[in-house]
2 protein chains.
Amino acid sequence: MNLKDLAATLGLSQTTVSRALNGYPEVSEATRKRVREAAREHGYRPDSRARSLATGRAMAVGLVLTTSARQEIVNPVFADFVASAAETLAARGYDIVMSLVTEAEQTAVYRSLLRKGRVDGLIMQAPLTGDTRIGILHKIGLPFVVHGRVSDHDEAYSWMDMDNRHAFHTATDHLLDLGHRDIALINGIEDMDFAHRRREGFIDALAARNLRPRPELMASAAMTESYGHDTAQRMLAQPHPPTAFLASSMLVGMGVHRAIREAGLQMGREVSVVVHDDGLSYLPNGTPEQPLFTATHSPVRQAGHLCADMLLRLIADPSEGPIHTKLQASFLVGPSTGPAPIQ
Amino acid sequence: MNLKDLAATLGLSQTTVSRALNGYPEVSEATRKRVREAAREHGYRPDSRARSLATGRAMAVGLVLTTSARQEIVNPVFADFVASAAETLAARGYDIVMSLVTEAEQTAVYRSLLRKGRVDGLIMQAPLTGDTRIGILHKIGLPFVVHGRVSDHDEAYSWMDMDNRHAFHTATDHLLDLGHRDIALINGIEDMDFAHRRREGFIDALAARNLRPRPELMASAAMTESYGHDTAQRMLAQPHPPTAFLASSMLVGMGVHRAIREAGLQMGREVSVVVHDDGLSYLPNGTPEQPLFTATHSPVRQAGHLCADMLLRLIADPSEGPIHTKLQASFLVGPSTGPAPIQ
DNA sequence: CTGAAAGCGCTAACAT
DNA sequence: ATGTTAGCGCTTTCAG
């Protein structure tokens, strides 16, 4: 049952039926009611393609993920982000069109997979440092919001980001305040812009106290539990081991914990750990076995909602120009002590 | 630049240009080449809506998630599933349209959010026992594949599922073979069909040896680390504690581990644990600290690919009728021993 | 091998 | 308040 049929059934024109259904004011209430009932009765649903073609609005936003961001998509944080973005978008009648593409196809795909008309705007995920996608997106001309930022990108663009630099600066400061001087950074892949910024925050905090990072205490790789474990284990076996760790995700943090336990060290006494994940920094130190998985509030959810909101604003009025949101990470201070006395 | 403009530029008709670009044989190679070059040069991209309207194919499949499945969407397994499904679909030129809807809107939304024409088929996720969505999907008439199954549903429908019952039967058998008799099941929410089946596998395995499950050793809730921990802790504090646990996810398993460590019990000697997640069962017993996160092969990835493949087959030929795939879970046997001798 | 014309289902000016 | 008409951009008969 399409509009034409429905109109015929009712003895009305397509126009009137369309107007009645879409809430236009110039339709008599009697007619509107009649039309609505008939529509419901016949289970009429407008064809989204036809409507989209006629209106120019797709009522969908795109989410493009590159295969190299694979690692990102399986990140629980990603799922949370998408879920909350989808929630906000769904409330406004928008769908999410997700495409997964290989690195090589990128340029082509940004134009063709998000073929003209399929979406009204885009959310770009997991930017790398010096990411070229922003230039492409600009050329496409669709409104877009970047979840994250791209260091060293000149053009203005809209973004929504955690303040990763500040989070790691604060976390490092905290450890420094506790008296730690040999702090290890177990970071994600530093091609990812967020990891890059985290590292900067770490180094800045050290520099502010005239300290230099020890290169052998900085690692960068995909954030798995075993990476956290192996790296921490190796660092702890060094002649001059770290007294504190900064772990760049929950999984990494768990690995670090494991290495510390295996080394027979006492968490929170001999070694401190700050874990940062999901926009949340915390110190599971004093209570080494405290659950790592029960954060009651999740900044990344907020991030998803915000990102979607921003995009909708941009779609409604592209002239609003580049807009930014910087989300402050939370820092949950747990019980903790300084480093073990020098032996 | 649309088809009309492109045709005008070339001094050809829209028809010829369309045919040239879509690989129809009746176009001369010379013309085709000329057209292709012009298309590339002008960055021509067909409008997906217009094409879809004309061909009837949307080149997209839908993925509907209800808000109550919230818990599911943040499950890392979900992200993995979607990623691999998207990969398969993208290779065939299909996008994924994701909609997140509230429980209440369900019926309406299945018809209207997936408005006619937006997608060619659907993947239904996270079915509950007695889920009513299948009936709705049938009425919509679009091809669909259920990831999971719905117990007690009469109509035939296409599905792709892990053999959860068998997995838990096997796992329970394994523990029984080791001599355990007091086995605890720390399950997910048993409204979810997969959890329901897991429980059945557990009970069946016990029944096969004339054993009854002890109700106080069976729990069902959202699969978090703290749930695993608190539940295991409570069970271990009972006068007649379990000697083995069956944990229904990695996170739950970690919680159980923590409770066991805290109770001062020796993993793999005094207490055994089988963890099942992501279609993989394993015994991290003998080496209590072995990484839980480094499974090298992930059945859920395969599930995503398979599910997408099935749907594409169904879209290509709906008459292929309901098709099913039952994916066997893997069982990784680690070092383990029987229960501690009765004191 | 190429083109003219119809139509996919809807909305939006432009009448009336 | 309702109808007429003209597209939106593409594919696809049907002619030539």
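Taking A:ARG313, A:ARG301, A:ARG92 and ordering them by how much accessible surface each has at a 1.4 Å probe, largest first, produces A:ARG92, A:ARG313, A:ARG301.
Modelled this way, with points 7 Å down the Cα-to-C-beta line, the labels at B:ASP163 and B:ARG269 are 3.6 nm from one another. For chain A, modelled as a GNM whose springs connect Cα atoms under 10 angstrom apart, the maximal fluctuation among A:VAL27, A:VAL97, A:VAL77 occurs at A:VAL27.
In nanometers and ordered shortest first, the copy-to-copy spacing of the A:GLN233 label point, defined 7 Å from Cα toward Cβ, is 2.9.
Within the set of other residues whose C-beta is less than 10 Å from the C-beta of B:GLY130, count the net charge using Lys and Arg as +1 and Asp and Glu as -1. So the surrounding residues net to -4. Relative to its residue count, chain B spans a Cα convex hull of 161 Å³ per residue.
Placing a label point 7 Å from the Cα of A:ALA30 along the Cα-to-Cβ direction, the distances to the matching points in the other copies come to 6.8 nm, shortest first. Rg over Rh for the protein assembly as shown works out to 1.01, using Cα positions for both radii and the Kirkwood form for Rh.
Between A:ARG40, A:ARG57, A:ARG49, the Gaussian network model of chain A with springs among Cα atoms under 10 angstrom shows the greatest mean-square fluctuation at A:ARG40.
By DSSP, the beta bridges lying fully in chain A are antiparallel in about 10 percent of cases.
Working note: Karplus 6.51/-1.76/1.60 with θ = phi - 60° gives region A:245-251 the couplings 10, 10, 9, 8, 4, 4, 4 Hz, where Gly and Pro are set to x. Normalising the average separation of contacting C-alpha pairs (under 8 angstrom, six or more residues apart) by the number of residues puts the relative contact order of chain A at 17 percent. With the label put 7 angstrom out from Cα along the Cα-to-Cβ vector, B:GLY130 ends up 6.0 nm from the copy partners, going from closest to farthest. Interface residues of region B:31-50, defined as those losing at least 40 Å² of solvent-accessible heavy-atom surface relative to the isolated chain (probe radius 1.4 Å), are listed as B:ARG45, B:SER48, B:ARG49.
Derived from the Cα gyration tensor, the three semi-axes of the equivalent ellipsoid of region B:182-230 are 20, 13, 7 Å, largest first.
Looking at chain A, the accessible area is 42 square angstrom per residue; that uses a 1.4 Å probe and ignores ligands, DNA and RNA.
Here chain A has 52 percent of its accessible surface on carbon and sulfur atoms, given a 1.4 Å probe and all protein chains in place.
Within the shell of other residues whose beta carbon sits under 10 angstrom from the beta carbon of B:ALA303, the net charge comes to -2, with Lys and Arg scored +1 and Asp and Glu -1. When B:ILE260, B:ILE189 are compared by accessible area at a 1.4 angstrom probe, the order from most to least is B:ILE189, B:ILE260. Within the protein assembly as shown, antiparallel bridges make up roughly 15 percent of the DSSP beta bridges whose residues both belong there.
Computed from the C-beta positions of B:ILE189 and A:GLN14, the FRET efficiency with R₀ = 56 Å rounds to 0.75. Springs between Cα atoms under 10 Å define the GNM used for chain A, and in it the highest mean-square fluctuation of A:GLY304, A:GLY11, A:GLY121 occurs at A:GLY11. The share of Cα pairs per 10 Å bin across region B:148-275, counted from zero up to the longest distance, runs 13, 45, 31, 8, 2, 0 percent. Shown are A:ARG165, B:ARG118, whose ranking by accessible area with a 1.4 Å probe and every protein chain present, most to least, is A:ARG165, B:ARG118. Give, as a single signed number, the net charge of other residues whose beta carbon lies under 10 Å from the beta carbon of B:PRO242, with Lys and Arg counted +1 and Asp and Glu -1. Charge balance near B:PRO242 sits at 0. Using a cut-off of 21 Å between Cα atoms, the listed pairs B:LYS116/B:LYS139; B:LYS4/B:LYS116; B:LYS4/B:LYS33; A:LYS139/A:LYS326; B:LYS116/B:LYS326; A:LYS4/A:LYS33 include B:LYS4/B:LYS116; A:LYS139/A:LYS326; B:LYS116/B:LYS326 as exceeding that distance. Both radii were evaluated on the Cα set of region A:15-64; the Rg over Rh quotient, with Rh as the Kirkwood radius, amounts to 1.09.
Computed from Cα atoms, the angle from the helix B:225-236 axis to the main principal axis of chain B rounds to 20 degrees. Above 15 Å, the calculated P(r) of region B:155-212 contains 50 percent of its Cα-Cα pairs.
The length gained by stretching the chain between B:ALA156 and B:ASN210 to full extension, at 0.36 nm per residue less their Cα-Cα distance, is 16.0 nm.
The values are calculated or read from the model by the stated rules, or taken from the named source; none is laboratory data. Owing to the predicted nature of the structure, the values given are computational and were not obtained by experimental measurement. For neighbour counting, all protein chains shown are included, and Cβ atoms are generated from backbone atoms with ideal geometry for every residue, glycine included. Side chains included, ligands, DNA and RNA excluded: accessible areas come from the protein's heavy atoms. Shrake-Rupley method; radii C 1.70, N 1.55, O 1.52, S 1.80 Å.
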